[in-house]
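Read-outs throughout are calculated quantities, based only on the coordinates presented, and are distinct from any laboratory measurement. No experiment lies behind these values; they were computed from the predicted model shown. A quick note on method: Cβ atoms are made from the backbone with ideal geometry, for glycine too, and the neighbour counts reach across all protein chains shown.
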Amino acid sequence: MKKVGIFYSFRSVKTHQQVKKMIKLLGADNCEEVDADVATLEDFKKHDNYIFAVPTWFDGELPNYWDEYLPTIEDESFKGKKFAIFGGGDQKNYPENFVDGVGIMAEFIEGRGGKVVGFTSTKGYSYEGSRAERGDQFCGLALDIENQAALSNERIEKWITDIQKEFSKKK
């Protein structure tokens, strides 16, 4: 498996905690952490496999750092690249747009020819709507640290196992 570029904001404490767990499962030698707050086009071009951490802010918005970074890569072809997306959301306080950021990012990636991997079941969540929902799956890993923190480790472990297989497959 080629080195995975893990893009997230180094300032996001909860996201950083989740990323640390993922790196441990993937193996530190297999990962490169990239701060989405200051990432460049060159940081993006170095990888074929990505994990994007995309929390949902407010009423279903991308965090500012993603809004600022996406124009940097929007003209690139994502063909032949694989992306696994995870994000935090709050299904009790924001049930109408739970983990929308994951869905927004998946739409951006797919619109440029990238392949989104790591779909997960919507079972076990209680929400009204989500842009990340595709049938009975999310187009990434949905984490609700506020309401279901006890389930996060198990969800992360299963998701990492699944995306490792996807990242290892030939194109």
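Structure data summary
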{"read-out": "Contour excess over end-to-end distance, with Cα ends at Gln17 and Lys3 and 0.36 nm allotted per residue", "value": "3.0 nm"}
{"read-out": "Candidates per GluC sites (Glu not before Pro) in segment 26-131, loop by DSSP, up to 13 other Cβ within 10 Å", "value": "Glu74, Glu128"}
{"read-out": "Most positive-pole-ward Cα, Tyr8, Trp159, Val54, against dipole of the chain from beta carbon charges", "value": "Trp159"}
{"read-out": "Max mean-square fluctuation residue, GNM over the chain, Cα-Cα springs under 10 Å, options Asn30, Asn97, Asn64", "value": "Asn64"}
{"read-out": "The chain: most fluctuating residue of Gly111, Gly103, Gly88 per GNM, C-alpha cutoff 10 Å", "value": "Gly111"}
{"read-out": "Helix-only CD estimate at 222 nm, as mean residue ellipticity for the chain, using -39500 (n - 2.57) per DSSP H run (n ≥ 4)", "value": "-12000 deg cm²/dmol"}
{"read-out": "Residue pairs, from the table Lys14/Lys123; Lys2/Lys24; Lys115/Lys165; Lys46/Lys158; Lys2/Lys158; Lys24/Lys158, whose Cα atoms sit over 18 Å apart", "value": "Lys14/Lys123; Lys46/Lys158; Lys2/Lys158"}
{"read-out": "Potential lengthening between Glu107 and Ala150 on full extension [0.36 nm per residue; Cα-Cα distance subtracted]", "value": "12.5 nm"}
{"read-out": "Evaluated at q = 0.13, 0.14 Å⁻¹: base-10 log I(q)/I(0), Debye formula over Cα of segment 4-168", "value": "-0.54, -0.64"}
{"read-out": "Additional length obtainable on full extension of the chain from Glu128 to Lys24, 0.36 nm per residue less Cα span", "value": "34.1 nm"}
{"read-out": "Segment 105-171 versus segment 14-92: alpha-carbon centroid distance in Å", "value": "13"}
{"read-out": "Dipole moment magnitude, nearest 20 debye, the chain about Cα centre, only Lys, Arg, Asp, Glu C-beta charged", "value": "1000"}
{"read-out": "Filtered chymotrypsin sites (Phe, Trp or Tyr not before Pro), segment 27-87: DSSP coil and at most 10 other beta carbons within 10 Å", "value": "Phe58"}
